[in-house]
Structures are given as structure tokens and as C-alpha cells.
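Take a look at the structure below.
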Amino acid sequence: RPEPIDASDAKPEAARKVKIGIYFATWWALNVVFNIYNKKVLNAFPYPWLTSTLSLACGSLMMLISWATRITPAPKTDFEFWKTLFPVAVAHTIGHVAATVSMSKVAVSFTHIIKSGEPAFSVLVSRFILGESFPAGVYLSLLPIIGGCALAAVTELNFNMTGFMGAMISNLAFVFRNIFSKKGMKGKSVSGMNYYACLSILSLVILTPFAIAVEGPQMWAAGWQNALSQIGPNFVWWVAAQSVFYHLYNQVSYMSLDEISPLTFSIGNTMKRISVIVSSIIIFHTPVRPVNALGAAIAILGTFLYSQAKQ
Ligand code: 3PG
């Protein structure tokens, strides 16, 4: 790395690193809280299409209020902006609902182990759809990622096909979302925070009719009554917490995406999964066999090798 010319050059770079470090730590902490409340809600109320919709609705409402009260300046957008945002929002909606469906069927840790394979999807999409090629080391690093995820999947004590496929679909959808988002944010005056707010609003519009079609108010009303009678009024706070924290962690992650490359973003995201996997195993007393943990560790190690090879 080139030496800074004088101390004044080093300062902004050091300040930027501190800022990104704070974003990452906040993103991971908010994500752990989201994952815990999300799973608590799904255990009592297994309607992932509604909970996904509520988290987008909550974020949209929070941002509309902060624009109306001028806590955050509203973005200046035009039709072109929303048109470019549309494919990003489709990918975000699919990735979000698929991950939530997955977590309603399997342990949080299992969903996130499979989701740690996201860099492998990123390489496959870039290679076969965008026609990019990579050094041999990048392809080799896919072996531990894919092998580790496969080992963790086949030794998972509570394996469920919907849970597995949901996490896989989410991986694919989020790769597209990240590639399109970074392109959409480039050279635009809309900040990371406002970009994510617009993404939430558009995803909410896309998801709502599907949520009604797949689950619908009748199922929700019966399930809600049931959850309230099991858990008591705290259930409403859990739903509020999962929705608020979902928005906050994504907002912070987009604030970092504004500053870093999609590659650094996906490495940060995989490291985030380590804290989610460990904390959820402790909190939910998830049974884990040593060979299962080994699979997860190999997959995560593969992601680090991938980041080294890609750089
Ligand atoms: C979701 O519901 O969108 C997922 O839990 C989020 O997955 P992520 O950890 O990739 O943000």
C-alpha cells in the first residue's frame, strides 16, 4: 500500500476506516437482535409472508415520517430512478421473503450457514450471466464454500427442504440485489440511507399482494389470536422489535455499501453471520453435531479464502 505523503493525507483515510468500522459493528449488532426477535415471532406465529411485509412496512413508515418531519432530507427522485430501482426491489423482495420462509422452517443458524455461501453465488452469477472471469484461486475457494455448506446441510439435525431452498433462493436474489444496487447508487445524489428507504417502499408495494394471496387476513387473524394467547401482550413487542431492527440493520448496511465495494460488503456480511450463528445457537439451544459445526466452519473459511483470492 502506498505510504501517505503527510499526516494530513492519513487523517481522512483513518477517519473513513473508523467510520466503516462503526457501521459494520452497528450493522452486525442490529442484525443479531433482528434475527432473535424474528425467530421468536416465527416460532409463535409461523406466517413469514406477513412478518416480511410488516418489516418493510415499518421501515417505510419510519422513513416517511422522518422525511415529513425533516429529520432526514427527502431524496429528489424521478421516474427514471424508480424504474432503475424496480429490479433491485424485486430481488430484495424475493431475497427477504425467501430468507424469512427459510427461518420459519429451520434453525436460524442453519439458514445463515447456507447464506454464508453467498459469495459462491456471486461468482457463478458474474461468470455465467455477466460473463466476467476470475483468477483460478477464486474458483478454487468455491470448493470449501460449497463443500462446507453441503456438509453442514446433510448433517443438519432438523433439515427441511423448504428451509434449505429458501436460503438458497435468498442467496441468488441478494447477489442480483447487491450488483444492481451498487450500480444504481453510483453517481446518484441519493444517499445510502434514502436509497434503502425507497427500496423498502417499492418492495412493500410488490410484496403486499403476494402476501395476501399466499397467506391472507383469515390465517393471520387466527394465528395472531393464537400467538397472543400463548405469549401474551409481549408478542406485539416482539413483532415491533423484529420490524424496527430489520429496517435499522439494512439501513446501516446500505450506508456502508455507499462507501465500500460489493465484495467488501459480502465479506462483512459473512462475518456478520458468524455472530448470528453463534448467538442464535446459544439463545435457542440449537442442537449442533461436531461434524455440522465443522461444515459451517469450512464454509466460512472458504469465504475468507475467496476474499483473498478475489483481491
Ligand atoms: C431477510 O429477512 O431479509 C434476511 O434475514 C436477511 O438476510 P441478510 O442477513 O442477508 O440480510
CD proxy, 222 nm, the chain: helix-only mean residue ellipticity via -39,500 (n - 2.57) per DSSP H run with n ≥ 4, per residue, nearest 500, stands at -28500 deg cm²/dmol
Simple Cβ-charge dipole of the chain, Lys/Arg +1 and Asp/Glu -1, about Cα centre, in debye nearest 20: 60
Top positive-direction residue, dipole computed over segment 48-310 with Cβ charges, set 117, 217, 95: 117
Given a Förster radius of 30 Å and the C-beta distance between residue 229 and residue 285 as r, what FRET efficiency does 1/(1 + (r/R0)^6) yield to the nearest 0.05? 0.80
Mind scanning 19/186; 183/310; 83/182; 105/186 and naming the pairs with a C-alpha gap bigger than 26 Å? 105/186
How far is it, in nm, from the label point at residue 165 to the one at residue 236 when both lie 7 Å from their Cα along the line to the Cβ? 3.7
Residue 311 to residue 188: extension gain in nm, 0.36 nm per residue of separation minus the Cα-Cα distance? 41.7 nm
Provide the gained length on full extension for the span residue 134 to residue 259, in nm with one decimal, where the gain is 0.36 nm per separating residue minus the Cα-Cα distance. 42.6 nm
Taking the simple approach of a point 7 Å from Cα along Cα-to-Cβ for both residue 19 and residue 275, what is their distance in nm? 2.0
For segment 48-310: rounded, prolate or oblate by the Cα gyration tensor [a/c cutoff 1.5]: oblate
With labels modelled as points extended 7 Å from the Cα through the Cβ direction, what inter-label distance (nm, one decimal) is found for residue 29 paired with residue 124? 3.6
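Each value in this text was obtained by applying a stated rule to the coordinates, not by laboratory testing. No experiment lies behind these values; they were computed from the predicted model shown. Neighbour counts are summed over all protein chains in view; Cβ atoms, including those assigned to glycine, are modelled from backbone coordinates with ideal geometry.
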